[in-house]
Each structure stands twice: as C-alpha cells, then as structure tokens.
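Derivation of every value follows stated rules applied to the coordinates shown; laboratory data play no part. Note that the coordinates shown come from a computational prediction; the quantities given were computed from them, not determined experimentally. Cβ: placed from backbone, ideal geometry, glycine included. Neighbour counts: every protein chain shown.
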Amino acid sequence: MNRTVAKEDLDSRIFNTINIILLCICTVIIVVPLWNVVISSLSSGKALAEGGFIFWSPEFSLENYRAVFKDETIGLAFLVSIAKTFIGVITHVFFCAMIGYGLSKKYIRGRKLYVAMGVVTMFFSGGMIPTYLLIKSLGLLNSFWVYIIPALFSYYDVVILMNFFRNVPDSLEESAKIDGAGDWRIFLKIFIPLSMPAMATIALFNGVGQWNDFMTTKLYITDQALYPLQMKLYEIIVQSQTQSMQNVGGSAIIETTTKGVQLATIVITTLPIVVMYPILQRYFISGMMMGAVKE
Amino acid sequence: MSSKKPMGQRVKEFVIDYKRQWEIQSMIIPGIIFMIIFCFIPIYGLTIAFKSYTVIDTLDSAPWVGLDNFRIILSDKYFWDAVVNTLGISFLKLAIGFIIPIILSVMIYELSAGRFKKLVQTISYLPHFLSWIVLGGMLIAWFSSSGMINEILLNLAIISKPVNILLDANKYWWIATLSDIWKEAGWGTILYLAIMSKIDPTYYEAAKIDGASRMRQIWNITLPNMKPIISLNLILTVSGLLGSNLDQTLVLMNSQNREKAEVINSYVYRMGMTQGDFSYATAVGLGVSIVSVILLISANKVSSKLNDNQSVL
C-alpha cells in the first residue's frame, strides 16, 4: 500500500515539474517578443540601427514617441478609432438587443421566417465584391457611417441575447403588463437593466473587433481624414517595407526612424486594449461559454 | 372541402394578430430590413459572377455570360498559385495549430489552481486581442535584420549574418502558420478548458486508486471527454481550409514573397478591388464558398460516422 502511494507521488511530482517547466517556456515565448517591442519603441535610433538587444536597450529615448505625436494625422486617427468604437458598440448592442428581445417571444407572428432568415445570414454571404457594390450604391463610400451601419447587426449576438432574455422570469413581464406597460417600456425599463452582464460581454467583443478592424477602411475609405489608427499603422508598415527594400544597404537613418515610428505607433495602437484587458478578461470567458455551450 | 375560406380566414387572423403585436413587431422589423439589405441583396449580387460587369453597368444591365468567368478561372495560373498557397498554409495550420491548443489546455488543466495558473492563462490569451496589423508590424520588427529573431539566431550560431526572413518567399508559409499559432493557441484553450471543468472528478479519483499514472489519466479520461468538442472544431477548421486570413496576408505580403504569400482571399481582393474585375473576383469567391460548403457537409458526415452516427452540427 505504501509503495503505490509513493510511486503515485513520484509520478505526479515528475509530471508537475515537467508541466510547469513547459508552461514557463510557453509564457516566455509569448512575453519576450511583446516586451521586445515595448523596449525597442523606447530605444534611440542609434540603438535600433545597431540592434543586438532583446530584453534591455542600451540607450533609451522618447524620440520615437515624439515623432509620432508630432504627426497630427495620428492624433486624428486616434479620435476616429475612439469615435467608431464608441458609437459602433452602443448602436450594435442596442440594435441586437432590440431584435433579440422581439424574437425571444415565442408567440410572435412570423417568428419561424425571421429565424430562418437569420440562420441563412450566418452561413451565406455575398462576399467581398457584391457587398462593396451594395455599400457603393448606398452612398456609404468615404462616409464615417460605413463603420457603424453595416456593423449594426450580427445574428450570432442576437441569438446570445435572445437566450439570455428567455431566462428572465415571465412573471416580471406579466406584472408590468398588468400595470399597463407596453413592450417597449418593458424592454427598456426591465429587460435592459437586467441583461447588463450579457450586453457587456457582447459590447466588449464588439469593441475589440471595432478597434482592431481595418478591412472596412481598406475597402470603403479613401479619405485620409477618416482613417482609424489601424489603417494609419498599416500605411506606416507598408511604407517602411518598401523603403527597406529600396535601400538594401542604403540609408540606414531613414530605415531606423521609420522603424522607430512604426514601433511607437504599434504600442500606442495596442495600449487601449492592454488597459482594458483586465476588465475584458472577466467577461470574455463567460462570453465564449454563452456562445458555444448550449444545454 | 373549400380551401379558400380557411385561407382567407388565416390571413385575416394573421393581420389581426400582427396588429395586436405591432409594438413588439416594431422591434424586429428593423432587423429584418437590415438583413434584406445587407445580407440578401449581396447574395443576389452574386449573379454578377455569371455576368460581364463593368463600371458603367448596373447590376441588372450587365450582360449575362454564363459560365465564362468560371472557365477563365480554370486556366488562370495565378488563381491556382493562390489555391496552392492557401491549401499549404491551411494544412500547416491544421497539422500544428489544431493540436497545440489541445495539448496546452490539458497542461493548464493539470496545474493546481493558483496564481501560476491564472498567470499562464492571462498571458496566453493576450495575443488574441492584438490586431493582425499590430502583429504584422511586430513581426516585421522582429524579423528585420537588426531585430530580435536575427539576434537570437546569431547568438545560437544558427546563422552567421543577419537576413530579413520576411523577404524570403520560401519561408513565408512557416511565418504565416507560426505567427497564427502564436496569436491564437492560448485563446483556443478557453473552450477546451471549459469542457474539461465539467468532467466528473470522481473519474480521476477512481483512476488514482487503480494506480493510473497522470499521463494515463489524461489519455483515458480527459481526452475521451473532449472528443465531441474536438470533432466539432475539426469540422469547422476543415470547412475553413480555403478561407485563409486576409488581414494577415495583406500586412505580411510584399513584392518579394508574393509568389508564396498570395492566397485566394487576397487574390479576390486584388482582382476585384485593385484591378476592378468585379465579375471575375466574384466568380472566384463564389466558387470557393461552394467548395467550402461541400467540405463542411462532408466533414460533418465523416465525423458523424466516426462518432456513432451522432452528427455534431
């Protein structure tokens, strides 16, 4: 008896040790590259050009950030990013909640047809070109609203909210109806406040999506004043790529300045997400579960 | 049997009900209008794949050309290059990227709850929240001749002089695959961990009494319990074989590695949006979605055969 316990103990201890070592390696593989970007963005041009550091820079300087903030278009892009994320999230969540609330009532006429239409949208789409032609004919090209209107609706989010609304006890609604409240009133005054956790999850996912989205700009926007940060960063990257290919062995000064600006822009672009991350983390796991595990 | 009267009555009932429900219907109608405009009109717009559309045409005035666009696709060398690249990258992602989250989630699950477990999870989810543009910029910095990767390779004496790996077309598939795994592997564990947390702990206790080693417990208890979700994930991955990441390609592709980096999605983008060949690009996109649906259905069939005729989807 003692022998089996000892054996099991040893087996477990070896297993745990190897497990922890491997997971430490995984963590290092993720953290070191990110750390390197932050350290590099804070390095002077000279240090960047010489290279040769991974964890710590030989020469720190804020020149990259100064260069970024001197560029007014980046400030504007930041504002566009914030505006489109903020407005986009609020309108998206409200729109999806409204439809989800309506569809959560089993008795409504035409429900089967509505749900069937929704499911079709999950599996089929026209794809890039037909959607582009639609956006063009709606006059949304080069308009701020192209960030908001086509992103209003997602049937996936509607389903999540619909399931959430269904779990609210019927008696709440019934007593409100007896008091003479209409559907809109019940939705706005009772269901929305009760569903804050579900709506927060969807808001956060949608917010990250809006913040990170750059394809919408790439496809529908040519007006530089409407570029969000991601698109601005994309332009800087493409520009530095062509430059570094043009002067292979050529002017190292230009190359390192654009590299420094690029790194500083990356950090600035990511900062809001990293700041929000602790809040995000609380919600996204439950969000994944809501969407994926159906009992 | 008169079918007319019940029919008329039904319509009447419907209208009465509808009027009674007008308030709640008014919440749904905007969504229906949205779906018709933004989802169903583009699906109708797919017809331009069978037309010859030029900028001066409208969708309806463009002349029908039947399957001409599809015939051109079959003899288009660049299209087939894109197909090869898409499949190559997707298979690499499938072969490596599918297994890693499973292993990683088992490893995290086996940790005793505590600070370290939380830390590992927090860190491994983080890259998922970076956009491909940000990650692309980072990759370019890491791979540049004065960047981190060259520094590591130089220190390990694997290379003797710095090279820009992103400009090497032959390495592109690996860069695309590994960067995708780096970004998404940790995120992929969330769902597996959620399923594992529902496994009845008495199984493990019983196995311990029987003297089963930790590896044996993983093999005989943890993995079998995850089979349904693993097969569901596999089906979705297989159906997505032809749809590679457009954001990733657009940011990492350059004139040096284009030959190996062009995937179907970026080809559609290039033909349609930059060269204005709308009909042709739509035909490519339509062909790809049809093949994807076929892949989805067959993967589901195969897996339901393997899982005792229980269809996952």
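Computed from backbone phi, the HN-Hα couplings of the stretch B:142-152 come to 5, 8, 4, 5, 9, x, 4, 4, 4, 4, 5 Hz, rounded to whole numbers (Karplus: 6.51 cos²θ - 1.76 cosθ + 1.60, θ = phi - 60°; Gly and Pro given as x).
Computed over chain A, the P(r) tail beyond 27 angstrom holds 60 percent of alpha carbon pairs. First check a/c for chain B, with a ≥ b ≥ c the square roots of the eigenvalues of its C-alpha gyration tensor; if it is under 1.5, answer rounded, and if not, answer prolate when a/b is larger than b/c or oblate otherwise. Taking the square roots of the gyration eigenvalues as a ≥ b ≥ c, chain B is oblate. Magnitude of the charge dipole for the protein assembly as shown, about its Cα centre and with charges confined to Cβ atoms of Lys, Arg (+1) and Asp, Glu (-1), is about 1400 debye. In this structure the amide hydrogen of A:Ser43, modeled in the peptide plane, comes within under 5 Å of the amide hydrogens of A:Ser61, none closer than 5 places in sequence on its chain.
For a 28 Å ceiling on Cα separation, which of these pairs sit above it: B:Lys183/B:Lys227; A:Lys106/A:Lys189; A:Lys84/B:Lys117? The answer is A:Lys84/B:Lys117. Spin-label model, A:Glu174 to A:Met122: label points 7 Å out along the Cα-to-beta-carbon direction sit 3.1 nm apart.
Summarised as an ellipsoid, the stretch B:1-121 has semi-axes of 47, 37, 15 Å, derived from the eigenvalues of the Cα gyration tensor scaled by 5 and square-rooted, with the largest first.
P(r) tail, the stretch A:113-155: Cα-Cα pairs separated by more than 18 Å, 36% of all pairs.
Whole-percent P(r), the protein assembly as shown, all Cα pairs, 20 Å bins from 0: 16, 47, 31, 5, 0.
For trypsin sites (Lys or Arg not before Pro), the sites in the stretch B:179-252 that DSSP calls loop and that have at most 14 other Cβ atoms within 10 Å are B:Lys198.
A:Gln239 to A:Thr73: FRET efficiency via 1/(1 + (r/R0)^6), r the Cβ-Cβ distance, R0 22 Å, to the nearest 0.05? About 0.95, to the nearest 0.05.
Working from label points 7 Å from Cα in the Cα-to-Cβ sense, the A:Met196 to B:Ile43 distance is 3.9 nm. Measuring between their Cα centroids, the stretch A:63-134 and the stretch B:69-111 lie 28 Å from each other. Within the straight-line cut-off of under 18 Å between alpha carbons, the aspartates and glutamates reachable from A:Lys259 are A:Glu50, A:Glu59, A:Glu63, A:Asp71, A:Glu235, B:Glu151, sequence neighbours fewer than 8 places apart in one chain being disregarded.
Sort out for me the Cα centre separation of the stretch B:229-288 from the stretch B:144-203, rounded to whole Å. Between the Cα centre of the stretch B:229-288 and that of the stretch B:144-203, the gap is 22 Å. Relative contact order of the stretch A:111-239, taken over Cα pairs closer than 8 Å and 6 or more residues apart, is 34 percent.
Compared with the rule-of-thumb size 2.2 N^0.38 Å for a compact globular protein, the stretch B:97-252 has a Cα radius of gyration ratio of 1.29. What do you get for the angle between helix A:72-103 and the principal long axis of chain A? Use alpha-carbon atoms, 0 to 90 degrees, nearest ten. Here the helix axis deviates by roughly 20 degrees.
Compactness of the stretch A:58-150 is given as radius of gyration and Dmax, 20.8, 70 Å, from Cα positions. In a simple Cβ point-charge model (Lys, Arg +1; Asp, Glu -1; nothing else charged), chain B has a dipole of about 740 debye relative to its Cα centre.
Working from Cα pairs under 8 Å separated by at least six residues, relative contact order for chain B is 26 percent. Close amide H pairs (under 5 Å, H built 1.01 Å from N) link B:Lys51 with B:Val65, residues at least 5 positions away or on another chain. Free of any trypsin sites (Lys or Arg not before Pro) that DSSP assigns to a loop and that have at most 14 other C-beta atoms within 10 Å, the longest stretch within chain A is A:107-293.
Mean residue ellipticity, 222 nm, helices only, chain B: the sum of -39500 (n - 2.57) across DSSP H runs of n ≥ 4, divided by residue count and rounded to 500, is -20500 deg cm²/dmol. About its Cα centre, the dipole of the stretch B:70-148 is roughly 200 debye, where the only charges are +1 on Lys and Arg Cβ and -1 on Asp and Glu Cβ. Relative to a virtual label point 7 Å from the Cα of B:Ser26 in the Cα→beta-carbon direction, which members of the stretch A:94-109 show backbone nitrogen distances below 12 Å? Under cut-off, by backbone N: nothing. Using C-alpha pairs below 8 Å separated by at least 6 residues, the relative contact order for the stretch B:14-164 is 8 percent. In this structure, the pairs whose alpha-carbon distance is over 31 Å, taken from B:Lys198/B:Lys305; A:Lys112/B:Lys93; B:Lys93/B:Lys305, are A:Lys112/B:Lys93.
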